[in-house]
Amino acid sequence: MNNIAHEPSRELLETFENQFSNRDYTIEIICPEFTSVCPKTGQPDFGSLTLRYIPDRMCVELKSLKVYLQSFRNQGIFYEHVTNRILDDLVAVTSPRRITLEAHFTPRGGISSKITVSYPAGEHLAG
């Protein structure tokens, strides 16, 4: 495995054909060690990402997802921005029927944050 650092880009994400696109089923992927950098302080931010999606024709390949998520390790980006960006990139490459991303960030200064985004928009608010 190479140690080349990548800039965050949806081009890092690879897909494969969903052989069961005639059926709705849920894929859940958990990344318990997501890291990025606070753009205000330069301090590392730590979080856990939970991705749930119903694929259509394409599924995200896990090794490429790992490389993509690791590319944020040195990026100064707000929680809200990184969560929405990841969702947008996954929607762009997989065109899922539905997708929700929950990002739980560990406490900093006594405050923790949970950001939830979905496609179609607001889908996570329906129940």
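What follows is calculated from the coordinates using simple rules that are stated; it is not laboratory data. Everything numeric in this text was worked out from a predicted model, so none of it was measured. Here Cβ is always computed from backbone atoms with ideal geometry, including for glycine, and neighbour counts include all displayed protein chains.
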Using modelled amide H (1.01 Å from N, peptide plane; none on Pro or chain starts), what sits under 5 Å from the amide H of residue 98, excluding residues fewer than 5 places away? 54
I want to verify a result. In a Gaussian network model of the chain, Cα cutoff 10 Å, which of these has the top mean-square fluctuation: 41, 26, 83? 41
For segment 91-105, Karplus-derived ³J(HN,Hα) couplings (6.51, -1.76, 1.60; θ = phi - 60°; whole Hz; x for glycine and proline) come out as 5, 4, 8, 10, 6, x, 5, 8, 7, 9, 10, 10, 10, 9, 9
Can you say what percent of the DSSP beta bridges in segment 12-111, counting only those with both residues inside, are antiparallel? Round to 5. 95
Please list, or write none, the aspartates and glutamates whose alpha carbon is within less than 14 Å of the alpha carbon of residue 114, excluding same-chain residues fewer than 8 places away. 45, 80, 102
Computed ³J(HN,Hα) along segment 34-46: with the Karplus parameters 6.51/-1.76/1.60, θ = phi - 60°, integer Hz and x for glycine or proline, the list is 6, 9, 8, 10, 5, x, 8, 9, x, 7, x, 10, 10
Charge tally in the Cβ shell below 11 Å around residue 116, where Lys, Arg are +1 and Asp, Glu are -1, residue 116 excluded: -1
Which residue, 38, 25, 60, has the largest displacement toward the positive end of the dipole of segment 1-73 when charges sit on each Cβ (Lys, Arg +1; Asp, Glu -1)? 38
